[in-house]
Amino acid sequence: MLAETTARLPEEMTSDAHDNRLFFRSWMQDPLRAGAFKPSGTDLARAMAAQVDPSMPGPIVELGPGTGAITRALVERGVDPARLILVEADPNFYALLRRRWPMARVLQTDAWAVPALLRRLDEPAAAIVAGLPLLVRPRHERLRLVANALRAAAPGAPFVQFTYFIRSPVPAPRPGLRAHGSDMIWWNLWPARVWTYRLPRRQPEPMW
Ligand SMILES: C[S@@+](CC[C@H](N)C(=O)[O-])C[C@H]1O[C@@H](n2cnc3c(N)ncnc32)[C@H](O)[C@@H]1O
């Protein structure tokens, strides 16, 4: 599927050097928003995509896809690009994603507006996959995004997020939110960890 999707694209649209340049420019313009000076490596992107079950029905929502390193890993894992909703704040990444993934829904908006969007979908989201620089936001805002996105998604859906730190970027686990951290992924600049958050099957009263 990936080969079919990318076969028609000019070389510039699929080259790592092009993506690295675009990323570096974004980081120079707004380092806190970019959160990194280059795209995630293949190992990290695959570890993120591995948390998604492609057989679960519903859209897959990616927050902060950048140049699409994790998007590509999701498609390699078997996710149909037509199921993807890509939410990106940077206008240059947004324009690239639209050209690169013409079958996906690509939105240029703030990830924190996404829970409201998820509630309006015809079918609940099967997963939310995020590469957001969460740590630049206050703790309560990080928690609000994850909890509200999960409440609007399908039961059992994961919220997957990576971090360059050891600890969870979201204050979890806690009553009402389960959390699982992966081993450190060393072969990435910078080494990173994948955190997967889910709502418990029986939801206690919200604690936030
Ligand atoms: C660390 S980069 C990760 C990019 C890509 N997922 C990867 O792993 O290579 C963070 C991305 O989140 C985007 N971003 C930052 N804040 C955002 C927000 N509030 N809403 C949507 N996207 C945001 C940035 O523009 C950038 O593309």
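Which of the following residues is near the ligand (Cβ under 8 Å from one of its atoms), in contact (Cβ under 8 Å) with a residue 60 or more places away in the chain and not acidic (Asp, Glu): Met48, Met56, Met103?
Details: Met56 fails: near the ligand (Cβ under 8 Å from one of its atoms); Met103 fails: near the ligand (Cβ under 8 Å from one of its atoms).
Within the list Met48, Met56, Met103, the selection yields Met48.
Hey, among the residues in segment 158-176 that are at pLDDT below 95 and within 11 Å of Thr196 (Cα to Cα), which one's nearest to the ligand (Cβ to nearest atom)?
Among them, the one singled out is Ala172.
Scan segment 138-157 and report the pairs whose first residue is under 12 Å from Tyr197 (Cβ atoms) and whose second residue is of a type in the set (Phe, Trp, Tyr) and not in a helix (DSSP H, G or I), with Cβ atoms within less than 8 Å and a gap of 6+ or a chain change.
Pairs found: Leu143/Trp208; Val146/Phe159; Val146/Tyr197; Ala147/Trp208; Ala149/Phe159; Leu150/Phe159; Leu150/Tyr197; Ala153/Phe159.
Could you tell me whether Gly64 is buried (at least 18 other Cβ atoms within 10 Å of the Cβ), under 11 Å from the mean Cα position of the chain (by Cα) and within 14 Å of the ligand (Cβ to nearest atom)? Step through it out loud before you land on a result.
On the way: buried (at least 18 other Cβ atoms within 10 Å of the Cβ): yes; under 11 Å from the mean Cα position of the chain (by Cα): yes; within 14 Å of the ligand (Cβ to nearest atom): yes.
Yes, satisfied.
Find the residue count for segment 117-143, including only residues that are within 16 Å of Leu86 (Cβ to Cβ) and either over 15 Å from the mean Cα position of the chain (by Cα) or outside any loop (DSSP other than H, G, I, E, B) (or both). Spell out the reasoning first.
Start the filter on segment 117-143 by keeping residues that are within 16 Å of Leu86 (Cβ to Cβ), which leaves 117-118, 121, 125-132.
Going one step further and asking which of them are either over 15 Å from the mean Cα position of the chain (by Cα) or outside any loop (DSSP other than H, G, I, E, B) (or both), we end up with 117-118, 121, 127-130.
Residues in segment 117-143 being within 16 Å of Leu86 (Cβ to Cβ) and either over 15 Å from the mean Cα position of the chain (by Cα) or outside any loop (DSSP other than H, G, I, E, B) (or both): 7 in total.
Assess whether Arg137 counts as being surrounded by fewer than 20 Cβ atoms within 10 Å (Cβ to Cβ) and either more than 14 Å from Gly64 (Cβ to Cβ) or of a type in the set (S, T, N, Q) (or both). Quick ask: steps written out before the conclusion?
Values: surrounded by fewer than 20 Cβ atoms within 10 Å (Cβ to Cβ): yes; either more than 14 Å from Gly64 (Cβ to Cβ) or of a type in the set (S, T, N, Q) (or both): no.
In short, no.
Among the residues that make up segment 150-163, is at least one of them farther than 25 Å from Pro57 by Cα, of a type outside the set (Asp, Glu) and surrounded by fewer than 16 Cβ atoms within 10 Å (Cβ to Cβ)? It would help to see each step written out before you state the result.
Our first condition is that a residue be farther than 25 Å from Pro57 by Cα; within segment 150-163, this holds for 163.
Going one step further and asking which of them are of a type outside the set (Asp, Glu), we end up with 163.
Checking the rest, the ones that are also surrounded by fewer than 16 Cβ atoms within 10 Å (Cβ to Cβ) come to none.
Taking every residue of segment 150-163 in turn, none turns out to be farther than 25 Å from Pro57 by Cα, of a type outside the set (Asp, Glu) and surrounded by fewer than 16 Cβ atoms within 10 Å (Cβ to Cβ).
Can you confirm whether Leu143 is at pLDDT 95 or above, crowded, with 16+ Cβ neighbours inside 10 Å, over 22 Å from Leu74 (Cβ atoms) and not small (Gly, Ala, Ser)? Steps first, answer last, please.
Numbers: at pLDDT 95 or above: yes; crowded, with 16+ Cβ neighbours inside 10 Å: yes; over 22 Å from Leu74 (Cβ atoms): yes; not small (Gly, Ala, Ser): yes.
Yes.
Filter segment 67-96 down to residues that are in contact with a Pro (Cβ under 6 Å, 6 or more places away or on another chain) and within 13 Å of the ligand (Cβ to nearest atom) and give me whichever is nearest to Ala125 (Cα to Cα).
Top of the filtered list is Ile85.
Go over the candidates Val146, Val114 one by one and state the one that is within 27 Å of Thr67 (Cβ to Cβ), away from the ligand (no atom under 11 Å from the Cβ) and part of a helix (DSSP H, G or I). It would help to see each step written out before you state the result.
On the way: Val114 fails: away from the ligand (no atom under 11 Å from the Cβ).
Just one listed residue meets the conditions, Val146.
For segment 18-50, give me each residue that is buried (at least 20 other Cβ atoms within 10 Å of the Cβ) and in a helix (DSSP H, G or I).
Asp19, Phe23, Ser26, Ala34, Leu44, Ala45, Ala47, Met48, Ala49
The values are calculated or read from the model by the stated rules, or taken from the named source; none is laboratory data. Quick caveat, the model's predicted, so the values are computed rather than measured. Glycine also receives a Cβ, built like all others from the backbone with ideal geometry; neighbour counts cover every protein chain displayed.
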